[in-house]
1. Going 7 Å from the Cα of residue 246 in the Cα-to-Cβ direction, what parts of segment 188-203 have a backbone nitrogen less than 13 Å from that spot?
2. Out of residues 5 or more away from residue 275 or on other chains, whose amide H comes under 5 Å of its own, with H placed 1.01 Å from N in the peptide plane?
3. What pairs from 144/192; 144/526; 144/205; 175/526 go past 23 Å between their alpha carbons?
4. Can you list the HN-Hα couplings for segment 317-331, worked out from phi with the Karplus curve (6.51, -1.76, 1.60; θ = phi - 60°), rounded to whole Hz and with x for Gly and Pro?
5. In whole Hz, with x marking every Gly and Pro, tabulate ³J(HN,Hα) for segment 204-215 from phi via Karplus 6.51 cos²θ - 1.76 cosθ + 1.60, θ = phi - 60°.
6. Evaluate E = 1/(1 + (r/R0)^6) for residue 309 and residue 270, where r is the Cβ-Cβ distance and R0 equals 41 Å; express this FRET efficiency to the nearest 0.05.
7. Taking a quarter of the surface of the Cα convex hull of segment 204-255, what do you get in nm²?
8. Mind giving me the nanometre distance, one decimal, between the label points for residue 206 and residue 22, set 7 Å out from Cα along Cα→Cβ?
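Values quoted throughout were computed directly from the atomic coordinates according to the rules given, and no laboratory measurement underlies them. As the structure is a prediction and not an experimental result, all values here were calculated from the model. Heads up, the Cβs are rebuilt from the backbone with ideal geometry, glycines too, and the neighbour counts pull from every protein chain shown.
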Amino acid sequence: MTYLDNLLEECLNELDRGIPLEKIVQHVPSEAAEILPLLRLAAVTRELPHPSMASTKARAQRGRIMKFARSNAQPERRFSWRFAMAQLSMVAALVVVALLTIGFTGPRGSRYATLSDVQGIVEVFDGQDWRMAANGERVHAGEKVRTRIDSQAALLFYEGSHSQLGGDTEVTLEKARGGWNRSLDVDVYQAKGLSTHTVAPLQGKNSHFVVGTGLGQAAVRGTIFDVEVIHGTSRFSVHRGTVEVTYGQERTLLTAGQVIVVEEGGAATQPAYAFDVQGPIEAMVGDQWTVGNLSFFVDPALVAGGNWNLDDWVRVRGRILADGSLVADWIQLVSGDKVMAHFSGLVESIGAESWVVGGKTVMIDSNTEIEAGLAIGDPVEVGFVVVESGDWLALEIVSIKEKSVESIPGTVTGTNTRTPQATFTSTTVPSQTQSPVPPTGTQPPGAQLTPTAVPVAGCAVGEDQPEIITLAERYGVTPAEILYWFCQGYGFGEIDLAYELAQGAGVPVSTVFEMVESGMGWGLIKQTLQPATATPEPTSTLKPTDEPKPTKEPEPTDEPKPTKEPKPTDEPKPTKDK
């Protein structure tokens, strides 16, 4: 707008507000006098009366308007099946899309597992770092869980199935999904250790529960089974139900009480019934060992590198071959003063004084507990002892026939879900050593070792404790050093983590325990030592580009020489008048 336009608009606004024209004109500058006629015309127009329509004309005009409105009105809709079906189809499509969306995602709790029964040192790896785990924590697909020595934890799934992790075990939850019909689709990869899986009967054809190792995998639809990864082998054993074990291009179906061992290279043993015995080593003659009066074959490679001695307390798991001989698959030092043994097989005969189970004859007496309703052909588990005569005396015989595995909501307690194992008191006790002495060589000169944890009362533990030997070998220290920290009141899982952090950060292990005694939690200790223990990021394989050389600053150009002013042109000479 121009100046005059703006001024005219302001003046008209003042007229609308009721200001007299005379006052408005007084303020109009002389150079804007040309707007005065317009202002006077506007003032006169505002004083004129507004025209009104005659009543007859008004009624006639209203009639014409109403007629036009009626002629353009929408016709009244009548019910149409075609229209109704179209609307219903649209609604049904929206419902289907919603149901499919909900169906694919499933219940919220089906997309993760919940940690429970956390005891000792348990950690979760979320793709960035290991962190201390706690009860109730959620583990999602892609995350790892590991337990330290003498520690344990359980993974609970939304419909009641759960996986119990023993000590020194590591698993990855590769997949966790479920549906509203309580279907479950779970993949677990086990890198090491022992796990026991209790799987509720799976619903729907798309339900799966698979536990894989580097050598094979077990797939189930409702059962209880163990997976052990140790000594370069994968061992699958079944307590209830059936398990399909896949290794290489082969598949084997295991029933209750059976076991199979898959070795590196894909070779696997024939399915066989299992035995489990715990007690002192009574004899080691060549490849024949005797534990708890039970003799079995031991492959030298299985015990190579170990320091095995008579009276060492061990637990042995193995197989009963078709010819009745026993072969050990797994031997581990254990602590305790109880001897226990059990095996599984099919009932072949039932007598008043003896039964034949899996080709083995077991004696029974008035103290033998036998589950009611057992018949020939039933799979059973037998808890027994070997008496002086060499006979196997059954303490209990229970069925392991496939049953519905009940969902177990809430917290899982205990270390496994097996049937009770027979035990009897042995007169042999583990050897004891003198009170441990403070470790040497774990702190710099002049540093004082001042752990203040409450010592274990009496500390009646020997250096031959299996956990002590394992940790000493793992971290290259003496068993006496591990024993010292144990007798200060620290658990084996805590000792395991402390040595890992100390060696990774390059500090004495006493420094880590002093941090514990100062009140720091393990999570904070890990964060404090993280800069020293963090894994360096992989360097790029690309060669670094040469840094650009600094460009020379442009030299200042010579100032332009002043141009010469043009000479004034000569004035034209006056022409001579003719």
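1. Within reach of a label on residue 246, which here means backbone N under 13 Å from a point 7 Å along Cα→Cβ, segment 188-203 contributes 188.
2. Under 5 Å from the amide H of residue 275 lie the amide H atoms of 318, 319, 320, each far enough along the sequence or on another chain.
3. On the way: 144/192 12 Å; 144/526 17 Å; 144/205 28 Å; 175/526 28 Å.
In this structure, 144/205; 175/526 exceed 23 Å between Cα atoms.
4. In residue order, the calculated couplings are 10, x, 10, 9, 6, 4, 7, x, 6, 10, 10, 7, 9, 7, 10 Hz.
5. Once rounded to whole Hz, the list reads x, 6, 8, 7, 8, 9, 10, 10, x, 10, x, 10.
6. 0.80
7. Working: hull surface 15.0 nm².
Its average projected convex-hull area is 3.7 nm².
8. 9.2
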